[in-house]
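Chemist: Provided herewith is a single structure, encoded as structure tokens, for subsequent inquiry.
The values are calculated or read from the model by the stated rules, or taken from the named source; none is laboratory data. In this text the structure is predicted, and so the values were computed from the model without any measurement. FYI the Cβ positions are ideal-geometry reconstructions off the backbone, even for glycines, and counts take in every protein chain you see.
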Amino acid sequence: MDVEILARIQFAYTVAFHYIYPPLSIGLGLLIVVMEAMYLRTKRQEYEQMTRFWIKVFALIFGIGVATGIVMEFEFGTNWATYARYVGDVFGSALAAEGIFAFALESGFLGVLLFGWRRVSPTVHFISALMVWLGSMFSAVWIVVANSWQQTPAGYHIVGEGLEARAEITDFWAMVLNPSSVDRLLHVWIGAFLAGAFLVMSVNAWYILKRRHESIARPAFKIALVVAAVSSLGQLFTGHRSAEIVAQYQPAKLAAMEGHYDTLAPADLYMLGWVDEQRQKTVGLAIPGGVSFLTHGDFRTPLRGLNSFEPQDRPSQVNAVFQLYHLMVAIGIAIIGLSLLGLWMWYRGRLFESRWLMHVFVWAVLLPQIANQAGWFSAEMGRQPWVVYGLLRTSDALSRTVTANQVLFSLLLFAAVYTVLFLLFLYLLHRKIQHGPAAAETLNNESEVYSRRENPLMDPPSSPLR
């Protein structure tokens, strides 16, 4: 393989591994806020127990996410030096804002969230949970803004020529609010809510099947189910809006996602299919003119196909983009169906009695993760051959001094380290799930010990025989 392919594989591998954790942090943060709000409102101890348990899981996810995210910034300088120079002025402000306004907020209040029980008031502890969640949300804002600028650049001008060219910001808010940033951000946020909700439902479904911690597992499952149902329906609308933005600003990507080659013809909506890139033809089950209807409200409106673009301006792996995009859509529909089925069974009073459904929810934790990964891969592969759409080609963004052997060696090292990290994450998560939420007696003892520490007069006098 040449250095470009290896550098792309390395970056894709590190991003894909890292992207397991931030969505879980965002989604789990939301559920922790809801759980602690329920505790403040009702003072019922099961809400405190579930909040404590999921905060511990959140801390594990947060730690692994931070460790795996640092690597990508170094890759910009080692493998993609021309790219780093080109977008440095744009990304510098966005990533600095992420560190100052998001990561500092999230990590600062995380200490209170983890160690503040019985040390601060319940209201202050709830505020810390809210701030940690908002910090994770703000972190996503700046990362998505930076990535969206690559998809739909705005608020910039180009300084210099050739390999010395670079983009400079002329309008900060035009850069932040570029044509795709808001819609993509909403899509990412909701995908994160689904990842967190399905993790909570998976663990609590397992508890229910094992007849363990049911007084905590049942209300926690219901909270997550409501979040999943609302989010899944919201994702349907944000996904449609994102596709409209792609149709307007990145027509070659839309053509690849839908396997549409004809130069100017109505685009069919494939439910499933296969793209024969040699024959430039897509076969499968399709609704004639379906994409044209979703884009323009008319089944006969023509759309630009891949043949209307020069070969060097098209995505190079059309079938991969097509399959990943359709996988994301199919899982999104499955998530909607499963969430609504859960609500229906709850309404009928048979949610937790349907053991087959609990088994489904145990394994459904994989669905949002696969959909999130498939969506990112289809978006990034569909943008090719551009690393900054219409401005900088991927082949021109590479470092000029890095060799294929160097990239391959570092890729193998990353694969080994990340495998160890992932196995460690699974081991620690398994231990926390096996241990389960703290028992009510433990919480009462903690409260009593804390009260005595604050008021020594509560301690009985020491016996001289001790």
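Chemist: Any residue that is touching a residue at least 12 places away in the same chain (Cβ under 8 Å), surrounded by 24 or more Cβ atoms within 10 Å (Cβ to Cβ), assigned to a helix (DSSP H, G or I) and small (Gly, Ala, Ser) - is there at least one of those in the stretch 223-230?
Modeler: Scanning the stretch 223-230 turns up at least one residue that is touching a residue at least 12 places away in the same chain (Cβ under 8 Å), surrounded by 24 or more Cβ atoms within 10 Å (Cβ to Cβ), assigned to a helix (DSSP H, G or I) and small (Gly, Ala, Ser).
Chemist: If Leu341 passes every condition in (1) at pLDDT below 95; (2) among the hydrophobic types (A, V, I, L, M, F, W, C); (3) over 16 Å from Leu272 (Cβ atoms) but one, which one does it miss?
Modeler: (1)
Chemist: Residues in the stretch 192-251 that are of a type outside the set (Asp, Glu) and under 30 Å from Ala154 (Cα atoms): how many?
Modeler: 20
Chemist: Out of the stretch 282-320, which residues are touching a Lys or Arg at 6+ places or on another chain (Cβ under 8 Å) and not in a helix (DSSP H, G or I)? If you could, list the steps in order and put the result at the bottom.
Modeler: Taking the stretch 282-320 first, the residues touching a Lys or Arg at 6+ places or on another chain (Cβ under 8 Å) are 289, 292, 306, 315.
Within the stretch 282-320, Gly289, Pro315 qualify.
Chemist: When you check Ile55 against the structure, is it part of a helix (DSSP H, G or I), touching a residue at least 40 places away in the same chain (Cβ under 8 Å) and either on the phi < 0 side of the Ramachandran plot or among the basic types (Lys, Arg) (or both), yes or no? I'd like the intermediate steps shown before the answer.
Modeler: On the way: part of a helix (DSSP H, G or I): yes; touching a residue at least 40 places away in the same chain (Cβ under 8 Å): yes; either on the phi < 0 side of the Ramachandran plot or among the basic types (Lys, Arg) (or both): yes.
Answer is yes for this residue.
Chemist: To continue, here is another question. Tell me which residues, restricted to the stretch 167-207, are more than 24 Å from the chain's Cα centre (by Cα) and surrounded by 24 or more Cβ atoms within 10 Å (Cβ to Cβ).
Modeler: Ala167, the sole residue that qualifies.
Chemist: Only one of Gly349, Gly290, Gly337 is without any contact (Cβ under 8 Å) to a residue 40 or more places away in the chain and farther than 30 Å from Met201 by Cβ. Can you tell me which?
Modeler: On the way: Gly349 fails: farther than 30 Å from Met201 by Cβ; Gly337 fails: farther than 30 Å from Met201 by Cβ.
The conditions single out Gly290.
Chemist: From Gly155, Gly191, Gly196, which residue is small (Gly, Ala, Ser) and more than 25 Å from Ile331 (Cα to Cα)?
Modeler: Numbers: Gly191 fails: more than 25 Å from Ile331 (Cα to Cα); Gly196 fails: more than 25 Å from Ile331 (Cα to Cα).
The conditions single out Gly155.
Chemist: May I pose another question? Does Arg300 meet the test of being over 27 Å from the mean Cα position of the chain (by Cα), closer than 20 Å to Gln278 by Cα and among the charged types (D, E, K, R)? Walk me through how you get there before you give the answer.
Modeler: On the way: over 27 Å from the mean Cα position of the chain (by Cα): yes; closer than 20 Å to Gln278 by Cα: no; among the charged types (D, E, K, R): yes.
So Arg300 fails the test.
Chemist: Hey, another quick one. Just to be sure, is Trp80 closer than 22 Å to Tyr156 by Cβ, crowded, with 21+ Cβ neighbours inside 10 Å and of a type outside the set (Asp, Glu)?
Modeler: Details: closer than 22 Å to Tyr156 by Cβ: yes; crowded, with 21+ Cβ neighbours inside 10 Å: yes; of a type outside the set (Asp, Glu): yes.
The answer is yes for Trp80.
Chemist: Based on this model, can you work out whether Arg119 counts as over 26 Å from Val188 (Cβ atoms), out of contact with any Asp or Glu (no Cβ under 6 Å at 6 or more places or on another chain) and not in a helix (DSSP H, G or I)? Step through it out loud before you land on a result.
Modeler: Values: over 26 Å from Val188 (Cβ atoms): yes; out of contact with any Asp or Glu (no Cβ under 6 Å at 6 or more places or on another chain): yes; not in a helix (DSSP H, G or I): yes.
Answer is yes for this residue.
Chemist: Right, here's the next one. So Ile223 clears everything in (1) closer than 30 Å to His359 by Cβ; (2) out of contact with any helix residue (DSSP H, G or I) (no Cβ under 6 Å at 6 or more places or on another chain) except one condition, right? Which one?
Modeler: (2)
Here's the yes/no breakdown for (1) in a helix (DSSP H, G or I); (2) of a type in the set (Asp, Glu); (3) within 22 Å of Trp376 (Cα to Cα); (4) in contact with a Pro (Cβ under 8 Å, 6 or more places away or on another chain):
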{"site": "Leu28", "(1), (2), (3), (4)": "yes, no, yes, no"}
{"site": "Leu60", "(1), (2), (3), (4)": "yes, no, no, no"}
{"site": "Gly69", "(1), (2), (3), (4)": "yes, no, yes, yes"}
{"site": "Asp89", "(1), (2), (3), (4)": "yes, yes, no, no"}
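Chemist: Another one. Here are Phe76, Phe11: which of them is in contact with an Asp or Glu (Cβ under 8 Å, 6 or more places away or on another chain) and under 18 Å from Arg393 (Cβ atoms)? Don't jump to the end; show me each part of the working.
Modeler: Values: Phe76 fails: in contact with an Asp or Glu (Cβ under 8 Å, 6 or more places away or on another chain).
Answer to the check: Phe11.
Chemist: Right, another one. Output the residues belonging to the stretch 146-197 that are free of Cβ contacts under 8 Å to residues at least 40 places away in the same chain and among the polar types (S, T, N, Q).
Modeler: Once the filter is applied, which keeps residues that are free of Cβ contacts under 8 Å to residues at least 40 places away in the same chain and among the polar types (S, T, N, Q), the stretch 146-197 yields Asn147, Ser148, Thr170, Asn178, Ser181.
Chemist: Of the residues Trp173, Trp206, which single one is modelled with pLDDT under 95 and part of a helix (DSSP H, G or I)? Walk me through how you get there before you give the answer.
Modeler: Values: Trp206 fails: modelled with pLDDT under 95.
Of Trp173, Trp206, the one residue that is modelled with pLDDT under 95 and part of a helix (DSSP H, G or I) is Trp173.
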